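Here the structure comes first, spelled out in structure tokens, and everything after it is commentary.
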Amino acid sequence: MRPTHTGRPASDAAAPTRIDVPLGERAYPVLIGPGVRHRLPAEVARIGARRVVVVSARPAQWTPDPGVPHRVVPARDGEHDKNLATVEQLCRAFAEFGLTRADAVVSCGGGTTTDVVGLAAGLYHRGIAVIHLPTSLLAQVDASVGGKTAVNLPEGKNLVGVYWQPRAVLCDTEHLTTLPERELRNGYGEIARAHFIGAGELRDRPVAEQIAACVALKARVVAADERDAGLRHILNYGHTLGHALERATDFALRHGEAVGVGTVFAGRLAGVLGRIGADRVAEHHDVVAGYGLDTALPAGVDHDELIALMRRDKKATTDGLSLVLDGPAGPDLVADVPEPAVRAALAGM
């Protein structure tokens, strides 16, 4: 099956798609479409912020003016800056500019920038308003929505974070025209895993519709389970091995690429455990491959290291291995998965 995206996302003058994340007093809109970054001043005015710090990993021409006195703080996308030292640097920049709890922070960048800025905003003054302008496909379909913020430790990925919902998310599809092909494929890893948690078949739909379908799915899940007490675990489909692969390759494998491999693995493991049949296992491979993503483990990764990293996954609630796996009633978090089954699934990769 061919990838949906074979060129560049087209820009048009259509009105943006709006999806609301219904969280009562913390509800917020997600706007998807070409040029929506230019709506930033209206969103800043809507929340009443007087001053803004814009943390941007993009060039000046792609960093919109928020319409109030502001400071732009440059950032770099990438896992190697996704740490507590960066959070401290950002919070100090907020303090130097004099931000108060009546002000706001804006992130403009990919998923790592969204995560780091969201965490800094959630900690500064015990919480300051944040608006996300996700500029990568991965950030638009997943990282910018739902309020999860986190940074990495040497011991594992996303181990330090808080839940801090944004006040608005502006997914400008024009940003996608600036991305290299590998970064677009990186985003398709999250879209591929969405196939198995309720988004359905998205491969033949335009990129803006793919983004909207993933955001709508995540909004429903987050509204039902904001803080990962149950249902929200399904959003981590493919992520347990994916995060381990990122760490094991020192992030040479990008997040979405790793999640794609992790999704194929989740299907294989569910098959080993007898939770799904051979056709559904094969569907995992076919969907991921259909987005132009690798489906095998990268050469040279050590299975013992991967298992050790998976044991430290933030979803783990016991000393055993916990993974979100497909089953007769759909995906669910399965605790204490037998290690021999995990090894068998890895061997099949």
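The values are calculated or read from the model by the stated rules, or taken from the named source; none is laboratory data. Keep in mind that what you see is a predicted model, and the values were worked out from it rather than measured. No Cβ is skipped: glycine too gets one built from the backbone with ideal geometry, and neighbour counts run over all protein chains shown. We work out accessible area using only protein heavy atoms, side chains counted, and drop any ligands, DNA or RNA first. Shrake-Rupley method; radii C 1.70, N 1.55, O 1.52, S 1.80 Å.
Identify the single condition in (1) touching a residue at least 24 places away in the same chain (Cβ under 8 Å); (2) over 13 Å from the mean Cα position of the chain (by Cα) that residue 145 does not satisfy, given that it satisfies every other one.
(2)
May I ask you to list the residues in the stretch 266-277 that are out of contact with any strand residue (DSSP E or B) (no Cβ under 9 Å at 6 or more places or on another chain) and either in contact (Cβ under 8 Å) with a residue 40 or more places away in the chain or closer than 17 Å to residue 349 by Cβ (or both)?
268, 271, 272
Anything in the stretch 192-221 that is touching a Lys or Arg at 6+ places or on another chain (Cβ under 8 Å) and not in a helix (DSSP H, G or I)? List them, or say none.
The answer is 203, and nothing else.
If you check 302, 319, 332, which single one turns out to be modelled with pLDDT under 95 and over 25 Å from the mean Cα position of the chain (by Cα)? Before you say what the answer is, go through the steps one by one.
Values: 302 fails: modelled with pLDDT under 95; 332 fails: over 25 Å from the mean Cα position of the chain (by Cα).
Within the list 302, 319, 332, the selection yields 319.
Could you pull out the residue among 42, 27, 15, 57 that is under 27 Å from residue 222 (Cβ atoms) and in contact (Cβ under 8 Å) with a residue 40 or more places away in the chain?
Working: 42 fails: in contact (Cβ under 8 Å) with a residue 40 or more places away in the chain; 27 fails: in contact (Cβ under 8 Å) with a residue 40 or more places away in the chain; 15 fails: in contact (Cβ under 8 Å) with a residue 40 or more places away in the chain.
Sole residue among the options that is under 27 Å from residue 222 (Cβ atoms) and in contact (Cβ under 8 Å) with a residue 40 or more places away in the chain: 57.
Among what's in the stretch 94-115 and is part of a helix (DSSP H, G or I) and open to solvent by 10 Å² or more (accessible area, probe 1.4 Å), pick the residue that is nearest to residue 174 (Cα to Cα). Don't jump to the end; show me each part of the working.
Of the stretch 94-115, the ones part of a helix (DSSP H, G or I) are 94-97, 111-115.
Among the residues that remain, those that are also open to solvent by 10 Å² or more (accessible area, probe 1.4 Å) are: 95-97, 111-112, 115.
Values: 95: 32, 96: 32, 97: 30, 111: 17, 112: 19, 115: 21 Å.
This residue is 111.
Yes/no matrix, rows are residues, columns are (1) open to solvent by 20 Å² or more (accessible area, probe 1.4 Å); (2) touching a His at 6+ places or on another chain (Cβ under 7 Å):
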position	(1), (2)
135	no, yes
139	no, no
159	yes, no
162	yes, no
173	no, no
180	yes, no
200	yes, no
208	yes, no
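Can you find, within the stretch 222-250, the residue that is most open to solvent (accessible area, probe 1.4 Å) among those that are assigned to a helix (DSSP H, G or I), free of Cβ contacts under 8 Å to residues at least 60 places away in the same chain and in contact with a Leu (Cβ under 9 Å, 6 or more places away or on another chain)?
224
Taking the stretch 251-269 as the search range and keeping residues that are open to solvent by 60 Å² or more (accessible area, probe 1.4 Å) and at pLDDT below 95, which one is farthest from residue 327 (Cα to Cα)?
It comes out as 252.
Checking the conditions here, which among 85, 93, 57 is more than 29 Å from residue 182 (Cβ to Cβ), among the small types (Gly, Ala, Ser) and modelled with pLDDT of 95 or more? Break it down stepwise before answering.
On the way: 85 fails: more than 29 Å from residue 182 (Cβ to Cβ); 57 fails: more than 29 Å from residue 182 (Cβ to Cβ).
Matching residue, one of 85, 93, 57: 93.
Given the criteria part of a strand (DSSP E or B) and at pLDDT 95 or above, does residue 189 qualify?
Values: part of a strand (DSSP E or B): no; at pLDDT 95 or above: yes.
No, not satisfied.
Which numbered condition in (1) of a type in the set (S, T, N, Q); (2) closer than 27 Å to residue 237 by Cβ; (3) open to solvent by 40 Å² or more (accessible area, probe 1.4 Å) is the only one that residue 144 fails?
(3)
If only one of 44, 73, 68, 87 is part of a strand (DSSP E or B) and either touching a strand residue (DSSP E or B) at 6+ places or on another chain (Cβ under 8 Å) or not β-branched (Val, Ile, Thr) (or both), which one is it? Even if it seems obvious, please write down each step before you answer.
Details: 44 fails: part of a strand (DSSP E or B); 68 fails: part of a strand (DSSP E or B); 87 fails: part of a strand (DSSP E or B).
Unique residue meeting the criteria: 73.
What pairs can you find where one residue is in the stretch 91-103 and more than 15 Å from residue 72 (Cβ to Cβ), the other is open to solvent by 50 Å² or more (accessible area, probe 1.4 Å) and in a helix (DSSP H, G or I), and their Cβ atoms are less than 6 Å apart, with a gap of 6+ or different chains?
101/125
Sort out which residues of the stretch 270-284 are over 16 Å from residue 329 (Cα atoms) and open to solvent by less than 10 Å² (accessible area, probe 1.4 Å), and write them in order of number.
Listed by number, the list holds a single entry, 284.
Kindly check whether there is at least one residue in the stretch 142-152 that is touching a Ser or Thr at 6+ places or on another chain (Cβ under 7 Å), within 27 Å of residue 311 (Cβ to Cβ) and modelled with pLDDT under 95.
yes
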